[in-house]
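Before any comments, here is the structure.
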Amino acid sequence: MPERQFVKYTFLKVDPAWRRLDAEERAIHKREFLAACEDFSSERLLRAFSLVGTRGDADLLLLTQATNLERIHEFHVVLSQSGLMGWAETPYSFLAMTKPSEYSDESRLEVRPQHSKYLFVYPFVKTREWYGVDPKERWRIMQEHIRVGKEYPDVDLNTSYSFGLDDQEFVVAFEGDEPAVFLDLVQRLRTTESSLFTKRDTPTFTCIAMSVERALNALDGATVGVTA
Amino acid sequence: MPERQFVKYTFLKVDPAWRRLDAEERAIHKREFLAACEDFSSERLLRAFSLVGTRGDADLLLLTQATNLERIHEFHVVLSQSGLMGWAETPYSFLAMTKPSEYSDESRLEVRPQHSKYLFVYPFVKTREWYGVDPKERWRIMQEHIRVGKEYPDVDLNTSYSFGLDDQEFVVAFEGDEPAVFLDLVQRLRTTESSLFTKRDTPTFTCIAMSVERALNALDGATVGVTA
Amino acid sequence: MPERQFVKYTFLKVDPAWRRLDAEERAIHKREFLAACEDFSSERLLRAFSLVGTRGDADLLLLTQATNLERIHEFHVVLSQSGLMGWAETPYSFLAMTKPSEYSDESRLEVRPQHSKYLFVYPFVKTREWYGVDPKERWRIMQEHIRVGKEYPDVDLNTSYSFGLDDQEFVVAFEGDEPAVFLDLVQRLRTTESSLFTKRDTPTFTCIAMSVERALNALDGATVGVTA
Amino acid sequence: MPERQFVKYTFLKVDPAWRRLDAEERAIHKREFLAACEDFSSERLLRAFSLVGTRGDADLLLLTQATNLERIHEFHVVLSQSGLMGWAETPYSFLAMTKPSEYSDESRLEVRPQHSKYLFVYPFVKTREWYGVDPKERWRIMQEHIRVGKEYPDVDLNTSYSFGLDDQEFVVAFEGDEPAVFLDLVQRLRTTESSLFTKRDTPTFTCIAMSVERALNALDGATVGVTA
Amino acid sequence: MPERQFVKYTFLKVDPAWRRLDAEERAIHKREFLAACEDFSSERLLRAFSLVGTRGDADLLLLTQATNLERIHEFHVVLSQSGLMGWAETPYSFLAMTKPSEYSDESRLEVRPQHSKYLFVYPFVKTREWYGVDPKERWRIMQEHIRVGKEYPDVDLNTSYSFGLDDQEFVVAFEGDEPAVFLDLVQRLRTTESSLFTKRDTPTFTCIAMSVERALNALDGATVGVTA
């Protein structure tokens, strides 16, 4: 039986002053960062995404997953030893776990993006009124929500749970190759009944899937000079 | 048939310390920034606006448009290589797409400011109650809104859509040569029924249209020394 | 017929590190700033106020006025060339225009403080419910508000309008020589009906009127050495 | 007849980098700060409190009082000349005035802490609904509030008024030697009717009374070497 | 009879620039910090937790407890003398006291984590409506809440009280070895009646229990070289 996983979204923002360093120093900083990621990803899921051009407050997202929270902790300790983390802040950080859904048989115990081009991520909090609604009524409302989602089969959903672990209740991560299709789905979902029970669904991040190396190169436009 | 476009509003704020650098270094930084913009604008829409004197938290707006999100990403990577971006933050960033309007036949699949003097930009979120209103009723309410807008023919509107891509639902960009006329229109719209369904329409930016070169010169009052 | 004016409130906060510079350098920075202000004020309204001791997040307010927004922009470009602006942020910035009032014949098309000792400034946003109230009812409610204000004849009001231009709807600026009297007026106005339609009226700034030179000297306690 | 007083709460936060300076430089910075305080306190009320260990966003509170706002302004100008203010921010600042209470005969026209060990300070804003309640009803509700307070005679209250002068309506400052007793009083007050009309009562500061010199020494654990 | 205790949660965030210092300097900074902690913990409760990998805005939590607030103050003064505090901010800080519960006989006058692997901490504010509910009704609602909690016997609760001392009403700290179990408990509690009276329960911190030395080593991945 598959185990529940810890899922960590770490959004990084590099200090503009880092770009003033000479190219070789920046290359060393990126190589050290890359090495930490490669070490973790040799055994566990690690995915990188660039936010350069889609957000102003974050440059890079690392998505990591492990059955053990200590392993997530250790990865971030090792990452902090890279030169790049001497110049980076973590403006957003979401800790969550996978869990079977109450409303769908198709839920997964792993967040495993299927190599779509984009990941659309947001922390999600429902109104407290939602939790006071009769369970059968909640079920009915969620089935409508799920039915609309199925009209957009190219958009895939990874939900993880943060109750008590972090500031949000859920971390919602949609995957897809067509931002326009995802935009239309989200606008369509606004008119479903479930939408009325949304307390917070921002910030919303459009994340461009790429290798860690490419995401690092996008920080300063310079190649690390290492084959990923 | 025209394609839907990605529209990106990138607001930049230059560190006050940048103004302490010597003039020649600042000129190099601006020339590199200008070159990145000229490269992009040779094929796609790029417009520059100054916020010096109208806002305290942003100095310059770049509006870019492309049918491909990767092209927007690449532009921001190249831009980050300019010396100026070693001293600039991006305090606001709006990612959106064009889309035909449900309520008007005149909507456009391009955001293409008509060379008015000013662009008035704000991110827009409607209340969730709005989306629960009967579609016919929503249509009626929006027609009143559009009718009032038409009483101000010198103000032109470019709406783009951000559902699921960014923190707002819409990015609204009005153009006009007369801020007083636009102010009167917005005050008049407060008394329409649609106004009651506004959840958020700030921050609101008054942006002064100008060439990239002039907007760069406005950062420190020094000319780049390159003909735009 | 008088023209409508652009009114700009620019609040500046000097980096504490600026005070560590040697006295001569600070004096040059202040002289350059003063020169930019004198140039503008030779033709148009420019007033300076100190917030040292009344606020923690701003040190100095410049109030400028012009019939042309480009002139306001140019002033801030020239100001940015002064050494002081290499060490200053603009934590608050309000752009507005004058406009005849719907509710009073005494409204002015100029903001022209009458050399009172203090200016009390805040951005003002009304609830959307206000704009749905019947116009006759709004008139009645505003007349009560105005009537209370007239019981405090030593307090003078300058309202300007920001709909669509900036984050607030109005910039409200009261003048007076007696903060205690103004405080009593504002507390008294809380019990009027109009008060129920206030959405936001903060931050609220108590600004001490003085010459630009004195306001600059208040930043570090050192005199510029130039007669204003 | 006693005059109304201006009351100023200035909360300071020292840059961590200040602690890296050598001990002698820090001692000079503190002596200059102390001298400015001693000058003011020779004629007017000035009290110091440490927040080291009770808050993370402020280190020191200066409470000053004067019948003249210019005197408060001048004090902060002189204070800014001390070396310490080249390394300090003012994260919170409350400007207020004393005023006779509508609800109690015991109100004072001076804020004059009685040398209790602690001062508990918060800015206070009531809901607008409160001001629409019938005055007799408001009186009744406030008498219940006052009656509960009198059950805790060791806790003393200093209220000052900020309507129109600053972001809050009141600055509330309780004094006492026993935080546990004050905590119990505040929890008890939650069940009074007046509590329902609270819009904002945070941030809440627990301030430890001490001499300016001791509060300065608490910033870096080093003694100024001057007898206070 | 046991005394009520002061409980202090101090969350620290180290400046990324600290990691650029040479290893020996960092080791000295950490040793000084460790010495301050060891001095305090020789007589009183001090527990350390790492947030590396679970949060982006804090790296380390120190939980201290004393019957005397001056002792908490002094500890933070001594701590500030360590080199590490020249590079650290305190982004979150919660001051509280222990107190017998109105609703449970099992409440404790000490916060004394039982060496579980994790501490889940959040500041808690109830709606003002809660305090207007009839006491018997409040009792009934809380008993349901407590009954659900008892279904998860491996999760232990330490509540402390901040009324009037800090921005929250309670600091809630759950302990457990299994984040998944705690997550399930919190999600389950959403459907209890008491959940409807929650005004604020964020930020929520997942804190990994470890020795001070290990928590310091996690900041830069380097060992202090001192046996804890």
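In this assembly of identical copies, the label point of C:Glu102 (Cα plus 7 Å along Cα-to-Cβ) is separated from its counterparts by 2.9, 2.9, 4.6, 4.6 nm, sorted shortest first.
Taking every protein chain into account, the accessible area of chain C amounts to 39 square angstrom per residue (probe 1.4 Å). In this label model, E:Arg190 and B:Asp22 are separated by 6.1 nm, measuring between points 7 Å along each Cα→Cβ vector. For the rotational copy relationship between C and B, the axis lies nearest to a chain C beta carbon, identified with its distance in whole angstrom as C:Ala17, 8. If you place +1 on the Cβ of every Lys and Arg, -1 on the Cβ of every Asp and Glu, and leave all else neutral, what size is the dipole of segment A:76-228 about its Cα centre, to the nearest 20 Debye? Dipole size: approximately 220 debye. Suppose a student asked you for the relative contact order of segment E:50-120, using Cα pairs under 8 Å spaced at least 6 residues apart; what percent would you report? Here the relative contact order equals 17 percent. Inter-copy label distances at A:Ser41, using a point 7 Å along Cα-to-Cβ, come to 3.7, 3.7, 6.0, 6.0 nm with the shortest given first.
Could you tell me which of rounded, prolate or oblate describes chain B, using a ≥ b ≥ c as the square roots of the eigenvalues of the alpha-carbon gyration tensor, with rounded for a/c under 1.5 and, failing that, prolate when a/b is larger than b/c and oblate otherwise? It comes out prolate by the Cα gyration axes. Taken about its Cα centre, segment C:36-162 carries a charge dipole of roughly 300 debye when the Cβ of each Lys and Arg holds +1 and the Cβ of each Asp and Glu holds -1. Buried on complex formation within segment E:10-37 (loss of at least 40 square angstrom of accessible surface versus the isolated chain, 1.4 Å probe, ligands and nucleic acids ignored): E:Pro16, E:Arg19, E:Arg20. These residues, A:Phe6, C:Phe124, go from largest to smallest accessible area, 1.4 Å probe, as C:Phe124, A:Phe6. In this assembly, the A-B interface accounts for approximately 3200 Å² of buried accessible surface in total, computed with a 1.4 Å probe and without ligands, DNA or RNA.
Which lysines does A:Lys8 reach when only Cα atoms under 23 Å apart count, and residues fewer than 8 places away in its own chain are ignored? Straight-distance partners of A:Lys8: A:Lys30, A:Lys99, A:Lys117, A:Lys126, A:Lys199, E:Lys13, E:Lys117. Comparing E:Asn68, E:Val171, E:Ala27 along the charge dipole axis of chain E, the residue lying farthest to the positive side is E:Val171, per the Cβ-charge model. Legend: calculated FRET efficiency, A:Asp154 to D:Asp156, from the Cβ-Cβ distance at R0 = 60 Å, rounded to 0.05, equals 0.35. First compute the accessible area of chain A with a 1.4 Å probe, then give the percent of it belonging to carbon and sulfur atoms. Solvent-exposed carbon and sulfur of chain A make up 50 percent of the total.
For the pair E:Thr127 and E:Phe197 in one chain, pulling the backbone fully straight at 0.36 nm per residue adds 24.7 nm over the alpha carbon distance. Inter-copy label distances at B:Glu137, shortest first and taken from points set 7 Å along Cα to Cβ: 1.9, 1.9, 3.1, 3.1 nm. Counting only DSSP H runs of at least 4 residues, each contributing -39500 (n - 2.57), and dividing by the residue count of chain E, the helix-based mean residue ellipticity at 222 nm comes to -10000 deg cm²/dmol.
Here the protein assembly as shown is assigned +1 on the Cβ of each Lys and Arg and -1 on the Cβ of each Asp and Glu. Its dipole about the Cα centre then comes out at about 1360 debye.
The values are calculated or read from the model by the stated rules, or taken from the named source; none is laboratory data. These numbers come from a predicted model, not from an experiment. When we count neighbours, we look across all protein chains shown, and the Cβ atoms used for this are built from the backbone with ideal geometry, even at glycine. These area figures cover heavy atoms from the full protein model, side chains too; ligands, DNA and RNA do not enter into them. Shrake-Rupley method; radii C 1.70, N 1.55, O 1.52, S 1.80 Å.
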